[in-house]
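Reviewing the structure listed below.
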Amino acid sequence: MLRADALRAADGADVAPECRTRVDVHGERTAHAVVLLHGYTNCPAQFDVIADAYAARGWSVVVPRLPGHGEADRMTRELSAIDPGGLVDVAEEAADIAAGLGRDVTVVGLSGGGTLAAWLASESDDVAEAVLIAPLVVPKVLPEFAVGPASRAFRYTPDVYLWWDGEQKEALADPPHAYPRYSLRSLGAFLAVGRAAQRPPERTTTLRRLVVVTNENDAAVSNAGVDRVAAALTVPGVERQDLVLPAALGWKHDLVDPEGENADALPAIYARLGPLLGLDDLAAAG
């Protein structure tokens, strides 16, 4: 609990209230704990519905704010300070806290959070189950062979910010707690973590269960990159489940945010994700 308090204390006055690190406890160590890792340029609010559902089931819940994210000033340049070490440090700390709060630890991550969930699944003996939802390993805008050189170049050259939507620019409010632009340097940091997650697992125990969710209509990440990191984690003894969402559904990249780009379709999306998350009634919550 002291470490959880310290993690929450890292959220300064500049962090938006809805984007602060969240830790739900039940007065004693629980059977299960979950770490929910939000996406690139989003914040913990992205997982509010799913976090509530886990907490209602008696799970301990840890939703860390990733470095540089969640600022009330959505035009902040805090993303420029992100490096791979800082990202994995926060993810590791969240997993360590979860292991103290619950006996069985699951990590769930979307996009950049999915990349960190893959890294934890590869490195942390505390993690029993991992759910990777469209992890950011290869951006759709880059060919796979360019990811390594680009991630290094982005991290060591002057930073450049790009709009997620070139027409709406700073007016983009879908969702309202996420940033309307991203930086190449911070993107390079996430890509570096994704490359590290593709190495043979270094944990001494075997991951019990791996869930991989891909979306054929995803315009943000390449599913070839998702397949590569998932293959590295699929070692003997791992129970793997895959969910492929057909392009015909028309769903976009962010599959969890209650105020995101798929908000109208969320009950249908949650109906598919819920059973994989151990939350059979998630569709009703959505």
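Summary of computed values
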item	result
Candidates 34, 49 - the one that is more than 23 Å from residue 189 (Cα to Cα), modelled with pLDDT of 95 or more, out of contact with any Ser or Thr (no Cβ under 9 Å at 6 or more places or on another chain) and not small (Gly, Ala, Ser)	49
Any hit, segment 74-88, residues being of a type outside the set (A, V, I, L, M, F, W, C), at pLDDT 95 or above and under 13 Å from the mean Cα position of the chain (by Cα)	no
Qualifying residue in segment 146-158 (condition: of a type in the set (S, T, N, Q) and within 22 Å of residue 24 (Cβ to Cβ))	no
Total residues in segment 181-239, condition under 18 Å from residue 252 (Cβ atoms) and of a type in the set (Asp, Glu)	2
Enumeration of residues in segment 21-54 that are out of contact with any helix residue (DSSP H, G or I) (no Cβ under 7 Å at 6 or more places or on another chain) and free of Cβ contacts under 8 Å to residues at least 60 places away in the same chain	26, 27, 28, 51
Single condition residue 260 does not satisfy, out of (1) under 18 Å from the mean Cα position of the chain (by Cα); (2) under 30 Å from residue 206 (Cβ atoms); (3) open to solvent by less than 30 Å² (accessible area, probe 1.4 Å); (4) not polar (S, T, N, Q)	(2)
Helices (runs of 4 or more DSSP H) (entirely within segment 183-286) containing at least 3 residues that are within 29 Å of residue 125 (Cβ to Cβ) and modelled with pLDDT of 95 or more	184-196, 223-233, 266-277
Within segment 264-277, tally of residues that are out of contact with any Leu (no Cβ under 7 Å at 6 or more places or on another chain) and open to solvent by less than 40 Å² (accessible area, probe 1.4 Å)	3
Given (1) over 21 Å from residue 88 (Cα atoms); (2) crowded, with 17+ Cβ neighbours inside 10 Å; (3) not polar (S, T, N, Q), number of the condition residue 212 does not satisfy	(1)
Breaking point among (1) open to solvent by 30 Å² or more (accessible area, probe 1.4 Å); (2) part of a helix (DSSP H, G or I), for residue 12	(2)
Residues of segment 142-157 satisfying the condition of being assigned to a helix (DSSP H, G or I), hydrophobic (A, V, I, L, M, F, W, C) and open to solvent by 10 Å² or more (accessible area, probe 1.4 Å)	145, 146, 150, 153, 154
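The values are calculated or read from the model by the stated rules, or taken from the named source; none is laboratory data. Quick caveat, the model's predicted, so the values are computed rather than measured. Note that each Cβ is placed from the backbone with ideal geometry, even for glycine, and that neighbours are counted across all protein chains shown. Side chains are part of the model used for accessible areas, which takes the heavy atoms of the whole protein and leaves out ligands, DNA and RNA. Shrake-Rupley method; radii C 1.70, N 1.55, O 1.52, S 1.80 Å.
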